[in-house]
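Asker: One structure, pasted below without further comment.
The values are calculated or read from the model by the stated rules, or taken from the named source; none is laboratory data. Just so we're clear, the structure is a prediction, and the values are computed from it rather than from any experiment. Quick reminder, even Gly has a Cβ in these numbers, built from the backbone with ideal geometry, and neighbours come from all protein chains shown.
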Amino acid sequence: MVSSNATRPLPVLRNVIAWCGKGAAWLTVVMVLLTFVIVILRYGFNLGWIWVQESLTYLHVTVFLVVMAWALQDDGHVRVDIFYTRMTTRNRALVDLLGTILFLTPFCIFILVTAWPYVANSWLLMEGSREAGGLPLVFLLKSLILIMPVLLLGQCVVNALDAWQTLRGDQTPGHDG
């Protein structure tokens, strides 16, 4: 039996991922309001600014990359449910464990390794928008490319340990200690 101390960080990791995901998900409301403002300004008053348009892109990228791990945590990703739902809990745990170890973890590591020089170069240059009047924060936006796999790797740990505990019959996954 796994001691409760061995899984103590899991609730914290789950909460951090959920907090990041829920926080970023609220940006969709900001995106809707900003889109409304952009349309009113452009078609009602013939006004527009590059930085406002770019901020919408920044918000969209943030939502997409930061919410990904929370969607996995909340079982919101697409899968072939025709097979998965018919499996026993134990077989689902085995599929989750193997999928996490063989596919998701290497994918996250690949993204980290390949994106690191790209993001580091952006920071080195303090990269800004190529457009006149654009946002000078492209280097921060590109940093999200590294945050996404870090959050997903955290969720990989949670998923793998949950699946392992289910396979061992230790406890119900998702409920630590």
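Asker: Which of the residues belonging to the range 18-75 are β-branched (Val, Ile, Thr), touching a Gly at 6+ places or on another chain (Cβ under 6 Å) and closer than 22 Å to Thr105 by Cα?
Answerer: Val67
Asker: Another one. For the range 91-117, which positions are farther than 13 Å from Cys156 by Cα and exposed (fewer than 12 other Cβ atoms within 10 Å of the Cβ)?
Answerer: Scanning the range 91-117 gives Phe110, Val113, Thr114, Pro117.
Asker: Take Tyr43 and tell me if it is over 30 Å from Ala160 (Cβ atoms), in a helix (DSSP H, G or I), out of contact with any Lys or Arg (no Cβ under 8 Å at 6 or more places or on another chain) and in contact (Cβ under 8 Å) with a residue 24 or more places away in the chain.
Answerer: No, not satisfied.
Asker: Among the candidates Asp170, Asp75, Asp81, single out the residue that is of a type in the set (Asp, Glu), over 27 Å from Ser55 (Cα atoms) and in contact (Cβ under 8 Å) with a residue 12 or more places away in the chain.
Answerer: Asp170
Asker: Here's a follow-up. Looking at (1) surrounded by 17 or more Cβ atoms within 10 Å (Cβ to Cβ); (2) in contact (Cβ under 8 Å) with a residue 40 or more places away in the chain, which is the one condition that is false for Glu127?
Answerer: Result: Glu127 passes all but (2).
Asker: Over 26 Å from Gly21 (Cβ atoms) and not acidic (Asp, Glu): is that true of Gly99 in this structure?
Answerer: Judged against the criteria, Gly99 is not a match.
Asker: Is there a residue in the range 14-31 that is over 24 Å from Leu72 (Cβ atoms), at pLDDT 95 or above and surrounded by 13 or more Cβ atoms within 10 Å (Cβ to Cβ)?
Answerer: no
One line per residue, one yes/no per condition, for (1) β-branched (Val, Ile, Thr); (2) loosely packed, with under 10 Cβ neighbours inside 10 Å; (3) at pLDDT 90 or above:
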{"site": "Tyr43", "(1), (2), (3)": "no, no, yes"}
{"site": "Asn46", "(1), (2), (3)": "no, yes, yes"}
{"site": "Val52", "(1), (2), (3)": "yes, no, yes"}
{"site": "Leu59", "(1), (2), (3)": "no, no, yes"}
{"site": "Val67", "(1), (2), (3)": "yes, no, yes"}
{"site": "Asp81", "(1), (2), (3)": "no, yes, no"}
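Asker: Filter the range 102-138 for residues that are β-branched (Val, Ile, Thr) and modelled with pLDDT of 95 or more and give the result.
Answerer: Thr105, Ile109, Ile111, Val113, Thr114, Val119
Asker: Please go through the range 61-81 and pick out each residue that is within 20 Å of Asp162 (Cα to Cα), under 10 Å from the mean Cα position of the chain (by Cα) and of a type in the set (A, V, I, L, M).
Answerer: Met68, Ala69, Ala71, Leu72
Asker: Report, ordered by the first and then the second residue, all pairs with beta carbons closer than 7 Å, sequence separation of six or more or different chains, a first member in the range 51-69 that is free of Cβ contacts under 8 Å to residues at least 24 places away in the same chain, and a second member that is surrounded by fewer than 18 Cβ atoms within 10 Å (Cβ to Cβ) and part of a helix (DSSP H, G or I).
Answerer: Listed by first residue and then by second, the contacts come to Val52/Ile38; Gln53/Ile38.
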